[in-house]
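One structure below.
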Ligand SMILES: [Zn+2]
């Protein structure tokens, strides 16, 4: 049985964006100046209303870090709208803001798509959030709605109330009728972008792309099957060049990953019996300031 499936039963109960299972190479420059600071990080970062007046820097790991010099994605642009403005999560590193805008311009070339509805990026100073998302902490993660935008003049209120659409059926084993070739084209464009590290989408979508692709398949490596991710897909950028405080995630495995995605789908359709010897993983410990890179204290204290 694959390791992927071994953690399925446990992980199903967790948030859909929990994407930090793989180990990381620690950045060399992270400080520990905040040792002993047991304040709860999400409370502090959740209260920061503006980006820090610092040079842009992604600090730490996607699920344990913060961002300096975060930039706000404009609430509305020619080819995008940021959704759920009340959350104030339309902030990211400059590379992420550029990427989202570029992808939205591509999306606007697709039939039926005026651009993109953009879900959560990061909080103004990144860090852990009071609700949702284990990752999205360093300004390099973006959720993109599956709902094709047919207008880009939604009011603030409409952006609170409108829902995205699910593109899956059979618990993620297959796509449903909401899934279109345009979804695949937008995911292909995103995965082919050299700034992108990986993309998370439900297993049935990955297999659908594996089956439908008739051209270059190399980008499929970056499309990673994951739990949830049928109302939106999640784009993770690589650490920006020269950002010494940013922790790189281990590279995605070689190959297009299609066989592994098919195995996951098989396990959804025909679940193997639970392993009686499995030990449940411990609940995730609350992130205190001491567990974040020391630079994050400076981010919080900055103007
Ligand atoms: Zn996400």
### Task
Just the number, please: Stokes-Einstein D of the range 3-301 in µm²/s, Kirkwood Rh from C-alpha pairs, 4 °C, 1.567 mPa s.
66 µm²/s
### Query
Under 13 Å from a point 7 Å along the Cα-to-Cβ line of residue 38: which residues of the range 245-288 have their amide N that close?
286, 288
### Query
With all pairs of different alpha carbon atoms counted, what Kirkwood hydrodynamic radius in Å does the range 58-121 show?
12.4 Å
### Query
So, in Å, what gap is there between the alpha-carbon centers of the range 150-191 and the range 34-92?
24 Å
### Query
What length, rounded to one decimal in nm, is gained on full extension from residue 288 through to residue 176, with 0.36 nm per residue of separation minus their alpha-carbon distance?
36.2 nm
## Note on the structure
Protection proxy (average C-beta count within 10 Å per residue), highest first, orders 164-172, 77-85, 116-124, 276-284 as 116-124, 77-85, 164-172, 276-284
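Hey, fewest Cβ within 10 Å first, where do 43, 180, 131 land in order? Can you show the working numbers first?
Details: 43 12, 180 17, 131 8.
Ordered by Cβ neighbours within 10 Å, fewest first: 131, 43, 180.
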### Message
Given points 7 Å out from each Cα along the Cα-Cβ axis, report the residue 252 to residue 270 separation in nanometres with one decimal.
### Response
2.8 nm
### Query
To the nearest 500 deg cm²/dmol, what mean residue ellipticity at 222 nm is calculated for the chain from DSSP H runs of n ≥ 4 alone, each contributing -39,500 (n - 2.57), summed and divided by the residues?
-7000 deg cm²/dmol
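Each value in this text was obtained by applying a stated rule to the coordinates, not by laboratory testing. In this text the structure is predicted, and so the values were computed from the model without any measurement. Virtual Cβ from ideal backbone geometry, glycine too; neighbours counted across all protein chains shown.
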